[in-house]
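Read the structure below first, then the notes.
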Amino acid sequence: MTKPARLSMLSFFLRGGTKSVLLKAGVFIAVIAFADWRADKDVTLGFLYLFPMLMVGSVLKRWQIGIVAVLCTLLAEVFDSFDWRPSAGIPRDILIFAAFLGMGLFVYEVVRSRQAALRHLSQIESESEARRAAEEQLKVLVDSSPVAIFTADASGSVLQANDAAHRLFALSPGALPGRSIRQYLPSLVNVPALAPDGPSFRTVMQCRGQRQDGEAFLADIWFSTYRTSVGSRLAAMVVDTSEDLRNREEFSLHQLLAASRILVGAVSHEVRNVCGAIAVVHENLARNSSLAQNKDFEALGTLIQTLEKIAGLELRQTPYPAARVDLPALLEELRIVIELALREEGIDVLWDIEPGLPPVWADRQSLMQVFLNLTKNSQRAMLDRPSRELRIVARAEGHRVAVRVQDTGGGVLHPEHLFRPFQPGAQSTGLGVYLSRALLRSFRGDLRYEAEPRGATFVVELSPVAAGNLPGAGNLPGAGNLRESYVPGNPDTADGRSQPVPGQPQPVVAD
């Protein structure tokens, strides 16, 4: 019989479940016992019990194999042709039992080892399949990412790069691998981790980049280094932030021009008041006949008139790029900006935002600047206070949306001086709330003060945007003339928190 045939017959007897194998083994034991009983007394068939022991060893536990080995030993002793005497029978039975038990245990260990190997192989195959799936997903993610991603070796030579990296550096697809990344990002030459004995680390840096055609751009790079069996490696993600830089600089210029217009308007108003007083004095002196023919006196009058004309020039504001603003989202951004710094100062920040607030009409960046100015004022007002709490409450009130900035500072001693530029006693220029109100009024908003028993409350009023009705900035009430005029003593046109009074809680002048 050939070897494949023997293996096929063996697999037939071992095939099936535990009950099937035990049934076949029992039948074999019975057949061998009957054949041994009927066989010639000079011929023993006890060695054939090794085969059923092989079968039961593949399905039974160790102690069960021992019981079957005892049974086979008894049957072999009963039906063999040898006389049983203690001096010869006991050693013989021990050897027979050891042979049967050894065969069963050997098969038991072989089967268990094979099962463990199969489980381990299955686990390896599952892990390999999962790894292949993860690699495919990662490859798809990297290839489809809008962010430039590449890996490089210790010499800076690019190993792999996605399509976004080729577009960023103005290269044709597949042209970047093999090139030195330092040609496009020279600052990476200063990364010490690419040295053979350099440390591994991950960080972010901003530097100048260069495309293949020589165009320069501002790049933000997130990179990490790692070790492999063939040396150090660099993995990096690169984003072109040139547009962000341009937008930031344009916004800074926009804010500077807007604030300058308001500032010049305030200065012009103050100068005009002084010119008016000087003009009255000049007119009174002109009644003196001794000065009527004085050329210097006439020149002084001309200078006063010229100065009045300069101070009387109206500064028209370029319409703000106001648009629909999601107020809850903007307040959430404000929370991210200010909350950590306030908590470090020991100030508790409480947010009470009414759900479902409508969008408002505003210039997003200017509105954020207004909120930042108010919260900074509150922070300064509470620095020396035992109780430090800032509450920001947003509510829809009639046809307006009101955002209240409430603090537990020293309060405002002289509300009539609020919103007045260049107020004495201000911690900075005294223009903060003045500019804030002017900016709000430029897109149909307003800023007002509410008296509180303790602390101060400033209310930012905004106009909600009606569905399908987005007015142009130039049509907004308040857009246009930002030169704020005021009447001394009028509380609606005053500015700043005033100087402290001895014996009372010390307020902080609003900036």
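The values are calculated or read from the model by the stated rules, or taken from the named source; none is laboratory data. What you see is a predicted model, and the numbers here were worked out from it, not measured in a lab. A quick note on method: Cβ atoms are made from the backbone with ideal geometry, for glycine too, and the neighbour counts reach across all protein chains shown. In case anyone asks, the SASA skips ligands and DNA or RNA and just uses the protein heavy atoms, side chains included. Shrake-Rupley method; radii C 1.70, N 1.55, O 1.52, S 1.80 Å.
Here are the numbers for this structure:
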item	result
5 angstrom amide H check on Asp363, placed H, neighbours 5+ away	Ala323
Relative contact order %, the range 88-227, counting alpha carbon pairs below 8 Å whose residues are six or more apart	13
Pairwise FRET efficiency - Asp348 versus Ala134, Cβ, R0 = 41 Å, nearest 0.05	0.35
Note, ³J(HN,Hα) from phi for the range 66-80, Karplus 6.51, -1.76, 1.60, rounded to Hz, x at Gly and Pro	x, 5, 5, 5, 4, 4, 5, 5, 4, 5, 5, 6, 5, 9, 7
³J(HN,Hα) computed for each position of the range 152-164 - Karplus, 6.51 cos²θ - 1.76 cosθ + 1.60, integer Hz, glycine/proline x	9, 8, 5, 7, x, 7, 5, 9, 9, 7, 8, 5, 4
Protein-only accessible surface order, largest first, of Met53, Met205, Met237, Met368 at 1.4 Å	Met237, Met205, Met368, Met53
For Gln212, distant residues with modelled amide H under 5 Å away	Ala170
About the Cα centre, charge dipole magnitude for the range 149-240 (Lys/Arg +1, Asp/Glu -1 at Cβ), debye	140
FRET efficiency, 1/(1 + (r/R0)^6) with R0 25 Å, evaluated for Tyr226 and Val337 via beta carbons	0.15
Order of exposure, largest accessible area first, which applies to His282, His399 with probe 1.4 Å	His399, His282
Theoretical gain in end-to-end length, Val78 to Asp153 [0.36 nm per residue, Cα-Cα removed]	19.2 nm
Pairwise FRET efficiency - Leu23 versus Gln160, Cβ, R0 = 60 Å, nearest 0.05	0.50
Spacing of the two label points (7 Å from each Cα toward its C-beta) at Leu50 and Lys295, in nm	14.4
Linear extension gain, Leu285 paired with Val110, 0.36 nm per residue minus alpha-carbon span	50.5 nm
Asp326-Gln64 pseudo-label distance in nm [points 7 Å out on the Cα-to-Cβ vector]	6.5
